[in-house]
Every structure is written in C-alpha cells, then in structure tokens.
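The values are calculated or read from the model by the stated rules, or taken from the named source; none is laboratory data. Because the structure is a prediction, the values reported are computed rather than measured. In this analysis, Cβ positions are derived from the backbone assuming ideal geometry, glycine residues included, and neighbour counts consider all displayed protein chains. Just so you know, the surface numbers come from the protein's heavy atoms only, side chains and all, with ligands and any DNA or RNA stripped out. Shrake-Rupley method; radii C 1.70, N 1.55, O 1.52, S 1.80 Å.
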Amino acid sequence: MKYFLGIDVGSSKTHALIVDETGQCIGFGKAGGGNHQGVGYEGTEKVLIESFEGALKMSGVDSAHIAGAGFGVAGYDFPSDREGHLKAVSALGLACPVEVVNDGWNGLFAGATHGIGVNVTAGSSNNCRGRGKNRQEGRIVGNGIVFGEYGGAYEIAARGLQMVNYAWIKRIPPTSLTAMYIEALGAKNEPDLMEGLSNEQYQLFPYLAMKVVDAARAGDIAALDVMQWTGEELGWLAISAARQIEMENDEVEVIQSGSIFEAGELITVSMRDLVLKHCPKAKLIRLDGPPVVGAVILGMEQADFDGYAIRDNIVRTAKEIVR
C-alpha cells in the first residue's frame with residue numbers, strides 16, 4: 001500500500017493529511033500558522049513537524065512508507081523563498097519526492113479537473129493561481145493592498161473603514177458600520193476612531209470583515225457596496241490569471257476557496273458577472289472540501305500517481321477526518 005502526505009500551511013492554521021492509494025484519509029494533524037513572513041522559517045518548521053507528527057500518530061503509518069509529499073505554504077511567493085522552505089521541510093526526515101508551492105495552488109489541485117484552471121482564495125487576505133492546458137502558470141503577487149490585490153478579510157475590513165470615514169466626512173450617508181467599528185475597536189466616537197487608527201493606537205483586524213458581512217445582510221448600503229466591490233476585485237484576480245494561462249476564451253474552471261466565500265451571493269454574484277463578461281465560458285465552482293486535499297494531490301504527482309482518479313474519495317473522507 002502506498003501512502004501520501006499533504007500539508008497546507010496557512011497564516012493562521014496548518015493542516016496535515018495522510019492518504020492511502022485508494023483515496024482513504026487515514027491521518028490528520030493540525031498546528032498554528034506557519035507563514036515565514038510572520039513566524040520565521042523556524043516557525044514554519046515547527047508547525048510542519050507538529051502537524052506531521054499528529055497525522056502520523058493517527059494513521060499508524062511509518063514515515064518511510066510515504067511515497068510522495070506536497071506542501072502548499074503561505075508566504076512562499078518567490079524563487080528566493082525556496083531554499084528556506086525546503087530546509088524546513090527537510091526537518092520531517094522524509095525519504096520520498098517532495099514539492100513545495102505557494103498555498104494558492106491547494107484550492108486549484110483540490111477543486112479543478114486535473115488541476116487545470118484558476119483558483120481564487122479569499123481568507124485573511126487573497127491569492128490566486130492558475131495552470132493552463134500546457135502547464136502555463138498564472139499568478140498574482142499575493143501581498144494584498146500594496147499591489148492593488150483585494151478581496152480577503154483584511155482588505156474588506158480596510159474598505160469598510162473607508163466607508164466609515166466617508167460617512168464621517170459626509171461623502172456618503174450614515175452607515176451602521178460606524179457603530180460597529182467604534183465598538184469593535186473600543187473607540188469613543190468617530191474622531192477618536194480616526195485619530196487612534198492614524199496614530200496606530202487602534203489596529204484593523206481581519207475579523208472586522210464579518211462585521212461588514214453582517215451589515216450587508218442587514219441591508220446597509222455602504223456594506224453592500226463593499227461586498228459588490230469585493231466580488232469584483234476577486235473576479236479581476238481570476239480574469240488576470242485566466243489571461244496568463246491563455247484560457248480566457250475556454251471553459252476555464254474558476255475555483256472559489258476560502259472562508260470569505262461563505263458570504264455567498266453578497267460576493268459571488270458580482271464576481272460571476274465580471275468573470276463571465278471577460279471569460280464568457282468560465283465555470284465558477286465553490287471548493288468542496290478542505291484545501292489540504294490539494295497538497296496531497298501535489299504529493300501524489302511527485303510519485304507519478306494520478307490523484308485525480310481518486311479525488312472524490314479523498315475529498316469525501318477528508319471532510320470526515322478534518323475538523
């Protein structure tokens with residue numbers, strides 16, 4: 001029996017999964033965030049070891065029997081990051097072929113037919129990766145606001161703050177977001193909120209995105225504008241990657257992964273409308289199953305094993321084992 005390992009290293013959590021050659025998930029482990037930009041490569045190594053040991057213990061498999069391993073890692077953005085990540089992975093003592101990629105690939109490998117198409121991830125921030133029929137690769141920078149890439153929780157929180165400011169300076173009518181932000185950040189009033197944020201006494205946090213979603217569901221106009229903007233920005237990520245892999249005129253699969261898509265049609269309607277305007281044959285698909293499945297399939301690729309033939313079983317059993 002062959003066994004395969006996949007580890008999804010995010011900025012807030014890490015999941016490890018061991019799967020046998022039938023697609024049965026037999027081991028699962030978890031740890032905290034491992035983005036080296038926040039915790040250093042030592043922190044990345046720590047969460048890799050912790051999650052891997054948890055999966056090994058549950059599976060009862062000897063690490064020597066793992067035939068291939070894949071790692072999708074947040075913060076692995078450029079070739080210069082490769083050496084540090086491979087060193088962190090080497091701490092696991094694996095004897096099998098391994099590959100390390102950016103975690104934006106996880107959703108694509110987990111959700112798209114044969115790993116061809118585009119994945120848009122919207123979690124604490126945003127990311128996008130694409131792979132074409134001839135193995136062309138598409139990507140965004142993946143570092144958010146600085147590069148004009150929006151759609152994750154932090155960017156939603158920042159856009160919501162702009163609406164609060166616009167209401168304060170009377171650019172737009174009053175919004176319920178104002179009271180929500182004041183309460184969430186512990187400010188006294190609008191002037192105190194603006195001063196505190198300007199002087200870094202208060203900090204924006206990604207969880208504020210949920211406040212914006214709640215306000216939108218309650219019908220707040222400013223919050224609804226933020227949700228429409230978010231969907232369009234995520235749509236532009238997908239369009240950009242589809243163009244890079246030369247599939248904008250094909251039936252390109254666009255996978256939607258990450259917790260922000262739980263907002264549903266508040267985001268997905270405007271995203272779909274924009275994507276279809278520029279990629280008229282696109283098929284938008286909400287990722288069904290944990291992204292770590294994509295890391296497992298990447299590991300299978302390293303062993304020349306067709307993980308897509310058994311992906312449905314991997315997804316089904318992964319849902320049962322990943323909590």
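Within the span defined as the range 291-311, one or more residues are out of contact with any Leu (no Cβ under 8 Å at 6 or more places or on another chain) and under 26 Å from Ala209 (Cα atoms). Gly40 satisfies every condition listed in (1) over 28 Å from Arg139 (Cα atoms); (2) free of Cβ contacts under 8 Å to residues at least 60 places away in the same chain; (3) of a type outside the set (Ser, Thr, Tyr); (4) not in a strand (DSSP E or B) except (1).
Scanning the range 91-104 for residues that are open to solvent by 20 Å² or more (accessible area, probe 1.4 Å), of a type outside the set (Val, Ile, Thr) and either within 15 Å of Gly75 (Cα to Cα) or not in a loop (DSSP other than H, G, I, E, B) (or both) returns Glu99, Asp103. Which residue pairs have Cβ atoms closer than 8 Å, lie 6 or more positions apart in sequence or on different chains, and pair a first residue in the range 51-67 that is farther than 17 Å from Met300 by Cβ with a second residue that is basic (Lys, Arg) and not in a helix (DSSP H, G or I)? Within 8 Å, the pairs are Ser51/Lys30; Gly54/Lys30. Among the residues of the range 253-297, those that are of a type in the set (Val, Ile, Thr) and either at pLDDT below 95 or farther than 23 Å from Arg243 by Cα (or both) comprise Ile260, Val292, Val293, Val296, Ile297. Among residues of the range 208-221 that are part of a helix (DSSP H, G or I), those with a beta-carbon under 8 Å from a residue that is buried (at least 18 other Cβ atoms within 10 Å of the Cβ) and among the charged types (D, E, K, R) at least six positions away or on a different chain give the pairs Val212/Arg159. Scanning the range 150-182 for residues that are part of a loop (DSSP other than H, G, I, E, B), touching a strand residue (DSSP E or B) at 6+ places or on another chain (Cβ under 8 Å) and either open to solvent by less than 60 Å² (accessible area, probe 1.4 Å) or not aromatic (Phe, Trp, Tyr) (or both) gives Gly151, Gly152. Residues in the range 250-292 that are small (Gly, Ala, Ser) and surrounded by fewer than 21 Cβ atoms within 10 Å (Cβ to Cβ) were compared, and the one that is nearest to Asn134 (Cα to Cα) is Gly289. Under 20 Å from Asp8 (Cα atoms), assigned to a helix (DSSP H, G or I), at pLDDT 95 or above and open to solvent by less than 70 Å² (accessible area, probe 1.4 Å): does that describe Gly84? Criteria met by Gly84.
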